[in-house]
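**Q** Sharing a structure here in structure tokens format.
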Amino acid sequence: RLRDPDQPEFHQAAEEVLSSLWPFLQEHPTYLNNGIIERLMEPERVIMFRVPWVDDRGQVRVNRGYRVQMNSAIGPYKGGLRFHPTVNLGVLKFLAFEQVFKNALTTLPMGGGKGGADFDPKGKSDAEVMRFCQSFMTELARHIGDSVDIPAGDIGVGAREIGYLYGQYRRMRNEFTSVLTGKGLSYGGSLVRPEATGYGCVYFAEQMLKQRNLDLNGKRVCVSGSGNVAQFAARKLIELQARVISLSDSGGTLHCADGLSLEQWTSIAELKNMRRGRLADLANAPGMTYLPNSTPWHLECDLAMPCATQNELNGDDAAQLLEQGCICVTEGANMPCTLEAIDRFHEARILFAPGKAANAGGVAVSGLEMSQNAMRLNWSAEKVDLRLREIMHSIHQACEKHGQEAGGYIDYVKGANIAGFVRVADAMLAQGVI
Ligand code: NDP
């Protein structure tokens with residue numbers, strides 16, 4: 001905290017990990033004696049750079065770009081790029097730190113990193129987004145590579161942005177490699193990558209419910225967000241006969257008391273992905289109520305899936321969810337629940353899974369995209385989806401193994417942190433003090 005007083009999100013992520021790891025570390029002093037914690041807290045490298053670009057009126061604009069290369073003990077740095085006005089070094093360090101544990105949990109050989117810029121793609125033309133992406137990649141290209149650092153998408157970086165970024169990299173390097181994941185199918189992308197984070201989150205929730213001999217059939221699920229993760233979590237929930245009673249964006253919440261139909265889901269996906277519209281545009285649509293400036297956490301539900309952004313669900317929201325009868329919270333976003341909210345869920349002994357376990361499906365399929373690129377092969381959707389399910393099950397098993405508490409309760413935060421930590425820390429110990 002003394003070293004980086006202006007990075008509250010990073011402190012929050014570190015506190016969550018360290019407080020749940022502490023008893024385990026005391027039982028295994030080798031990790032403490034070798035400075036593993038101190039080394040995990042410090043990125044291997046941080047790159048910050050100017051991103052100049054020209055808008056449609058011919059004005060020069062300047063944004064700040066970043067790449068945080070956090071830890072490469074078990075593989076090349078891997079993690080998304082975020083384009084959002086709230087991006088700063090503290091936010092990216094928290095995301096990169098979480099990514100190290102998440103990637104280890106997948107059991108694939110991927111280290112952790114994260115990057116992005118304080119650029120807001122909202123309201124920009126395609127041509128402006130393209131010029132920004134080209135300028136961003138012109139600097140980033142010298143720091144990444146298919147066996148060095150492999151970025152992907154995150155908030156504000158979807159298929160369009162990945163296409164422009166990849167095009168610029170290929171032009172500069174004159175090589176066609178797996179330097180980015182989340183690529184389009186026509187140029188090396190993997191089937192099921194767009195769906196993977198949301199689907200994986202639902203597969204994880206299924207496993208959690210199984211703990212208590214429950215399933216998703218007929219359950220009311222509050223989903224927040226309406227971007228990539230939220231859309232595909234909602235889609236899989238609908239397929240599995242759950243009732244998706246909400247989606248949201250930064251303007252408000254769309255409430256659908258009877259549960260979204262596939263037709264309603266399709267119109268929302270079209271609005272968000274093709275027309276880049278707002279949920280408020282659906283305020284008068286049949287069967288849906290729009291609640292401006294509202295989050296979904298006051299709605300009566302059985303499950304909650306926060307899939308928008310960090311700290312979108314606080315202690316008061318948690319109390320409301322518990323009051324409404326919520327029994328399971330599965331994080332689709334990274335760190336959407338505050339520490340206070342997590343404490344409340346644990347105190348109430350409901351099922352709670354942190355993002356580093358529940359949303360690892362996206363990076364897992366990115367890992368599979370890299371494998372397919374290396375082999376110059378494309379796997380079928382069935383094959384990728386099966387591997388995704390297997391990986392989510394194995395992450396759940398790892399959480400069960402390390403997160404067992406008295407009375408059979410599973411502390412998924414502790415389970416995920418210990419399982420991810422051991423894999424990275426053992427590799428660091430073996431490689432000496434570097
Ligand atoms: P998108 O950009 O596709 O969607 C983000 C959604 O969250 C939008 O609905 C957006 O609303 C909302 N949102 C973003 N910032 C805020 C904010 N400050 N306040 C309220 N709402 C906000 O991003 P993704 O779906 O890809 O990412 C969502 C979360 O999932 C992030 O935490 C990301 O790190 C995490 N994640 C994503 C993965 C992926 O594969 N994409 C993998 C693992 C984790 P609006 O449009 O109004 O801004």
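**Q** Just to be sure, is Thr295 β-branched (Val, Ile, Thr) and out of contact with any helix residue (DSSP H, G or I) (no Cβ under 9 Å at 6 or more places or on another chain)? Step through it out loud before you land on a result.
**A** Details: β-branched (Val, Ile, Thr): yes; out of contact with any helix residue (DSSP H, G or I) (no Cβ under 9 Å at 6 or more places or on another chain): no.
When the stated conditions are applied, Thr295 does not pass them.
**Q** Name the residue, out of Val223, Val192, Val229, that is over 20 Å from Glu390 (Cα atoms), within 12 Å of the ligand (Cβ to nearest atom), β-branched (Val, Ile, Thr) and surrounded by 22 or more Cβ atoms within 10 Å (Cβ to Cβ). Lay out the reasoning, then the answer.
**A** On the way: Val192 fails: over 20 Å from Glu390 (Cα atoms); Val229 fails: over 20 Å from Glu390 (Cα atoms).
That would be Val223, the only listed residue that is over 20 Å from Glu390 (Cα atoms), within 12 Å of the ligand (Cβ to nearest atom), β-branched (Val, Ile, Thr) and surrounded by 22 or more Cβ atoms within 10 Å (Cβ to Cβ).
**Q** Exactly one condition in (1) in contact (Cβ under 8 Å) with a residue 12 or more places away in the chain; (2) surrounded by fewer than 24 Cβ atoms within 10 Å (Cβ to Cβ) is false for Lys210; which is it?
**A** Here Lys210 clears every test but (1).
**Q** Follow-up question, since we're still on this one. Which one of the conditions (1) crowded, with 24+ Cβ neighbours inside 10 Å; (2) closer than 25 Å to Met172 by Cα does Val87 fail to meet, given that it meets all the rest?
**A** (2)
**Q** OK, next. Against the condition at negative phi, in contact with a Lys or Arg (Cβ under 6 Å, 6 or more places away or on another chain) and away from the ligand (no atom under 16 Å from the Cβ), how does Asp154 come out, does it pass? So that I can check it myself, show each step before the final result.
**A** Numbers: at negative phi: yes; in contact with a Lys or Arg (Cβ under 6 Å, 6 or more places away or on another chain): yes; away from the ligand (no atom under 16 Å from the Cβ): no.
Spelling it out, it is not the case that Asp154 is at negative phi, in contact with a Lys or Arg (Cβ under 6 Å, 6 or more places away or on another chain) and away from the ligand (no atom under 16 Å from the Cβ).
**Q** Out of the residues in segment 279-292 meeting the condition of being in contact with a helix residue (DSSP H, G or I) (Cβ under 8 Å, 6 or more places away or on another chain) and closer than 21 Å to Leu313 by Cβ, tell me which one is nearest to the ligand (Cβ to nearest atom). It would help to see each step written out before you state the result.
**A** Start the filter on segment 279-292 by keeping residues that are in contact with a helix residue (DSSP H, G or I) (Cβ under 8 Å, 6 or more places away or on another chain), which leaves 279, 281-282, 285, 287-288, 290, 292.
Okay, now just the ones that are also closer than 21 Å to Leu313 by Cβ, so 279, 290, 292.
On the way: Leu279: 8, Tyr290: 13, Pro292: 12 Å.
Going through the qualifying residues, I end up with Leu279.
**Q** Within segment 153-267, which strands (runs of 3 or more DSSP E) (wholly inside it) include 1 or more residues that are touching a Gly at 6+ places or on another chain (Cβ under 6 Å)? Before the answer, list the steps.
**A** Numbers: elements: 220-224, 243-249, 252-255.
The qualifying strands (runs of 3 or more DSSP E) are 243-249.
**Q** For segment 272-297, which residues satisfy the criterion of being over 22 Å from the mean Cα position of the chain (by Cα), closer than 19 Å to Pro121 by Cβ and assigned to a helix (DSSP H, G or I)?
**A** Within segment 272-297, Ala280, Asp281 qualify.
Residue-by-condition table, conditions (1) touching a helix residue (DSSP H, G or I) at 6+ places or on another chain (Cβ under 7 Å); (2) closer than 19 Å to Glu369 by Cβ; (3) near the ligand (Cβ under 10 Å from one of its atoms):
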{"site": "Lys93", "(1), (2), (3)": "yes, no, no"}
{"site": "Phe97", "(1), (2), (3)": "yes, no, no"}
{"site": "Ala104", "(1), (2), (3)": "yes, yes, no"}
{"site": "Lys114", "(1), (2), (3)": "yes, yes, yes"}
{"site": "Phe132", "(1), (2), (3)": "no, no, no"}
{"site": "Ser135", "(1), (2), (3)": "no, no, no"}
{"site": "Asp149", "(1), (2), (3)": "yes, yes, no"}
{"site": "Ile162", "(1), (2), (3)": "no, yes, no"}
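**Q** Quickly run through segment 346-370 and pick out the residues that are crowded, with 24+ Cβ neighbours inside 10 Å and more than 22 Å from Phe232 (Cα to Cα).
**A** Correct list: empty.
**Q** Just name the residue that is farthest from the ligand (Cβ to nearest atom) out of those in segment 116-128 that are outside any loop (DSSP other than H, G, I, E, B) and surrounded by fewer than 19 Cβ atoms within 10 Å (Cβ to Cβ). Spell out the reasoning first.
**A** In the first step, residues of segment 116-128 are kept if they are outside any loop (DSSP other than H, G, I, E, B); the result is 116-117, 126-128.
Add one more test, that the residue is surrounded by fewer than 19 Cβ atoms within 10 Å (Cβ to Cβ), and what stays is 126-128.
Details: Asp126: 16, Ala127: 20, Glu128: 17 Å.
Step by step, filter segment 116-128, then rank; the result is Ala127.
**Q** Restrict the check to segment 29-40 and report whether at least one residue is surrounded by fewer than 14 Cβ atoms within 10 Å (Cβ to Cβ) and either among the small types (Gly, Ala, Ser) or under 22 Å from Leu92 (Cβ atoms) (or both). Break it down stepwise before answering.
**A** At the first step, the residues of segment 29-40 found to be surrounded by fewer than 14 Cβ atoms within 10 Å (Cβ to Cβ) are 29-30, 32-33, 35, 38.
Okay, now just the ones that are also either among the small types (Gly, Ala, Ser) or under 22 Å from Leu92 (Cβ atoms) (or both), so 35, 38.
Yes: one or more hits.
**Q** Is there any pair linking a residue in segment 160-171 that is more than 23 Å from Gly227 (Cα to Cα) to one that is assigned to a helix (DSSP H, G or I) and modelled with pLDDT of 95 or more, with Cβ under 6 Å and at least six apart or on different chains, and which?
**A** Gln168/Gln134; Gln168/Met137; Tyr169/Met137; Tyr169/Ala141
**Q** A further question on this structure: Give segment 25-61 a look and list any residue that's of a type outside the set (D, E, K, R), closer than 15 Å to Glu139 by Cβ and under 27 Å from the mean Cα position of the chain (by Cα), or say none. Quick ask: steps written out before the conclusion?
**A** We begin by selecting, within segment 25-61, every residue of a type outside the set (D, E, K, R); these are 25-26, 28-37, 40-41, 43, 46-49, 51-54, 58-60.
Filter once more, so that each one left must be closer than 15 Å to Glu139 by Cβ: 46-49, 51-53.
Once the filter is applied, which keeps residues that are of a type outside the set (D, E, K, R), closer than 15 Å to Glu139 by Cβ and under 27 Å from the mean Cα position of the chain (by Cα), segment 25-61 yields Val46, Ile47, Met48, Phe49, Val51.
**Q** May I pose another question? Given the criteria under 20 Å from the mean Cα position of the chain (by Cα) and either surrounded by 20 or more Cβ atoms within 10 Å (Cβ to Cβ) or not aromatic (Phe, Trp, Tyr) (or both), does Gln7 qualify?
**A** Values: under 20 Å from the mean Cα position of the chain (by Cα): yes; either surrounded by 20 or more Cβ atoms within 10 Å (Cβ to Cβ) or not aromatic (Phe, Trp, Tyr) (or both): yes.
Here the answer is yes, as Gln7 does meet what is asked.
**Q** I've got another one for you. Within segment 241-251, does at least one residue satisfy the condition of being at pLDDT 95 or above, more than 16 Å from the ligand (Cβ to nearest atom) and closer than 23 Å to Arg349 by Cα?
**A** yes
**Q** Can you tell me which residue in segment 319-377 is nearest to the ligand (Cβ to nearest atom), limited to those that are touching a Lys or Arg at 6+ places or on another chain (Cβ under 8 Å), assigned to a loop (DSSP other than H, G, I, E, B) and among the aliphatic types (A, V, I, L, M)?
**A** Residue satisfying both the conditions and the ranking: Ala360.
**Q** Glu263 fails exactly one of the following numbered conditions: (1) more than 20 Å from Arg160 (Cβ to Cβ); (2) touching a residue at least 24 places away in the same chain (Cβ under 8 Å); (3) more than 10 Å from the ligand (Cβ to nearest atom). What is the number of that condition?
**A** All conditions pass for Glu263, except number (2).
**Q** Any idea which of Ser294, Ser248 is touching a strand residue (DSSP E or B) at 6+ places or on another chain (Cβ under 7 Å) and crowded, with 19+ Cβ neighbours inside 10 Å?
**A** Numbers: Ser294 fails: crowded, with 19+ Cβ neighbours inside 10 Å.
The conditions single out Ser248.
**Q** Sticking with this structure for a sec: So, Val179, is that one more than 11 Å from the ligand (Cβ to nearest atom), touching a residue at least 60 places away in the same chain (Cβ under 8 Å) and not acidic (Asp, Glu) or not?
**A** Details: more than 11 Å from the ligand (Cβ to nearest atom): yes; touching a residue at least 60 places away in the same chain (Cβ under 8 Å): no; not acidic (Asp, Glu): yes.
No; evaluated as a whole, the condition is false for this residue.
The values are calculated or read from the model by the stated rules, or taken from the named source; none is laboratory data. Values in this document were obtained by computation on a predicted structure and should not be read as measured data. Heads up, the Cβs are rebuilt from the backbone with ideal geometry, glycines too, and the neighbour counts pull from every protein chain shown.
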